[in-house]
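One structure below.
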Amino acid sequence: MINKIYRIISFLSNSFLLYILIFSLSSCNGNSSAVEGKTEYLVDTVIPESRWGIYIDDYNIITSTIKPNQMLSEILCLSAYKISQIEAVANSTLSVRKLQANKDYHILLFKDSLAEAHYFIYDISPVEYVVYAFKDSVTSYLGVIPTDTVLNRVSGSIHSSLWNSMIDNGGSPKLASMLSDIYSWTIDFFGIQKQDSFHVVYQEILSNGEIVGLGNIIASNFITEKKDHIAYRYKYLSDREEYFDENGNSLRRAFLKAPLQYSRISSGFSNARLHPITKVVRPHHGVDYAAPSGTPVYSVGDGTIIELGWDNKGGGNYIRIKHNSTYTTLYMHLKGFASGISKGTHVNQGQLIGYVGSTGLATGPHLDYRVYKDGTAINPLRMDLPAVDPIAPEHMDSFLVFIDQIEKRINMID
């Protein structure tokens, strides 16, 4: 009997000790919960922070800006041999000799007593960067920060200039330049007037909720003299997206509206003009665009340069371009010619061909621009050329569906 009681007491003691052991282990290993007689252990996990494709928990980060003429060797306290290794691998991504002043960079210093630099990151743009790694072996790679693209819109009226009106209404000045490009064939932006207005729907690029750039203008309406100029960005029969009006007509024309960004028209097309230097009345079959010396001049259309040189009759440096069997254009008083431009060169619409000057008989820097149709001079300001590649009737249904979808997306913008 006594032996039996002793065995029971011994069993209970061992069971109690076992319980204490299990309880102690569960307390040491973190939280636990009992579910249907089972013990679960909850382990706290720490997710390391990653940036630029690097786990940065073990690093101190120094961020600064590249100063003018500053070299990588001045920024990083590394041996000349290590710098030469970085320069060698960087050629496959972005040469360290192309680092620009006022761009941000980041140095990752390892958290130890030596504080050794393991990475150098250079911000190419708000969403692009290049990493030069020299922790063990020396490597480099390009990276892109994840972004989101959303639609936004801005509207306004012209009071002084499109640039100022865009800023006054909360839009980026870059949008003004983008509008000028879209309507460069159809609107003379130096002729816009007060109370002309614009409505623009465009893409904003966000990173972590902050605006880091602009995408494309998706739709716009520029109203001049109470006339709508509607544009939709649409891909039609090619990989390139272009702008079309609501009737499927391309905003692109065979010729640009003007061959340069000018200050004013100093002299128009005339059959009898008093020449400011010779004081002789004679025809002036072109348009004089006043602009600062050195202002870029562009070809108004695709074509081939058939003449280039010096005009002894007062035109100074000039270029003549044959666009097709019907049209030829002439550019005079040039300060000089663009690199690679010579007689016989094929040029594309919008290609740089020269610079505004005052060569020949000229009272000041300007471009004398002339257009010939079948050999006869015509007024460039009155040209009404047809649109290029309008949407064919058999594709209009798809285009109209696209417009409807765009309008619905626009209506959803706050």
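Observations on the structure shown:
- Count of residues meeting criterion [open to solvent by less than 30 Å² (accessible area, probe 1.4 Å) and either closer than 18 Å to Arg253 by Cα or at pLDDT below 95 (or both)] in the stretch 298-308: 4
- Pairs where the first residue, in the stretch 133-159, is on the phi < 0 side of the Ramachandran plot and open to solvent by 20 Å² or more (accessible area, probe 1.4 Å) and the second is assigned to a loop (DSSP other than H, G, I, E, B) and of a type in the set (Gly, Ala, Ser), C-beta under 8 Å, 6+ apart: Ser140/Ser92; Tyr141/Gly53
- Flag if Glu246 is surrounded by fewer than 16 Cβ atoms within 10 Å (Cβ to Cβ) and touching a Phe, Trp or Tyr at 6+ places or on another chain (Cβ under 9 Å): yes
- Taking the criterion of being among the hydrophobic types (A, V, I, L, M, F, W, C), at pLDDT 85 or above and farther than 17 Å from Ser140 by Cβ, the residues of the stretch 56-88 that qualify are Ile56, Ile61, Ile62.
- Residue match in the stretch 201-210 (condition: surrounded by 14 or more Cβ atoms within 10 Å (Cβ to Cβ), on the phi < 0 side of the Ramachandran plot and in contact with a helix residue (DSSP H, G or I) (Cβ under 8 Å, 6 or more places away or on another chain)): yes
- Top-ranked residue in the stretch 187-200 [being open to solvent by 40 Å² or more (accessible area, probe 1.4 Å), touching a residue at least 40 places away in the same chain (Cβ under 8 Å) and not aromatic (Phe, Trp, Tyr); ranked as farthest from Arg233 (Cα to Cα)]: Asp188
- Among residues of the stretch 125-156, those that are part of a strand (DSSP E or B) and more than 17 Å from the chain's Cα centre (by Cα), counted: 13
- Sub-7 Å Cβ pairs linking a first residue in the stretch 353-371 that is aromatic (Phe, Trp, Tyr) to a second residue that is outside any strand (DSSP E or B), at least 6 apart or interchain, are Tyr355/Gly294; Tyr355/Thr295; Tyr369/Pro259; Tyr369/Gly286; Tyr369/Pro380, ordered by first then second residue.
- Some residue of the stretch 345-362 being surrounded by fewer than 15 Cβ atoms within 10 Å (Cβ to Cβ), of a type outside the set (S, T, N, Q) and assigned to a strand (DSSP E or B): yes
Condition check ((1) at pLDDT 90 or above; (2) in contact with a helix residue (DSSP H, G or I) (Cβ under 8 Å, 6 or more places away or on another chain); (3) more than 25 Å from Lys313 (Cβ to Cβ)) across all residues:
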| position | (1), (2), (3) |
| --- | --- |
| Pro365 | yes, no, no |
| Arg370 | yes, yes, no |
| Asp374 | no, no, no |
| Ile378 | yes, no, no |
| Pro393 | yes, no, yes |
| Asp414 | no, no, yes |
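Listed here are the residues, each with its yes/no results for (1) in a helix (DSSP H, G or I); (2) more than 27 Å from the chain's Cα centre (by Cα); (3) of a type in the set (A, V, I, L, M).
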residue	(1), (2), (3)
Asn60	no, yes, no
Thr63	no, no, no
Ser73	yes, yes, no
Ile83	yes, yes, yes
Ala88	yes, yes, yes
Leu94	no, no, yes
Arg97	yes, no, no
Gln100	no, no, no
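- Any hit, the stretch 365-376, residues being among the hydrophobic types (A, V, I, L, M, F, W, C), closer than 24 Å to Val300 by Cβ and open to solvent by less than 80 Å² (accessible area, probe 1.4 Å): yes
- Taken over the stretch 160-186, the criterion of being open to solvent by 70 Å² or more (accessible area, probe 1.4 Å) and at pLDDT below 90 is satisfied by Ser160, Asp181.
The values are calculated or read from the model by the stated rules, or taken from the named source; none is laboratory data. Quick caveat, the model's predicted, so the values are computed rather than measured. Positions of Cβ are generated from backbone atoms using ideal geometry, with glycine treated the same way; all protein chains shown enter the neighbour counts. Just so you know, the surface numbers come from the protein's heavy atoms only, side chains and all, with ligands and any DNA or RNA stripped out. Shrake-Rupley method; radii C 1.70, N 1.55, O 1.52, S 1.80 Å.
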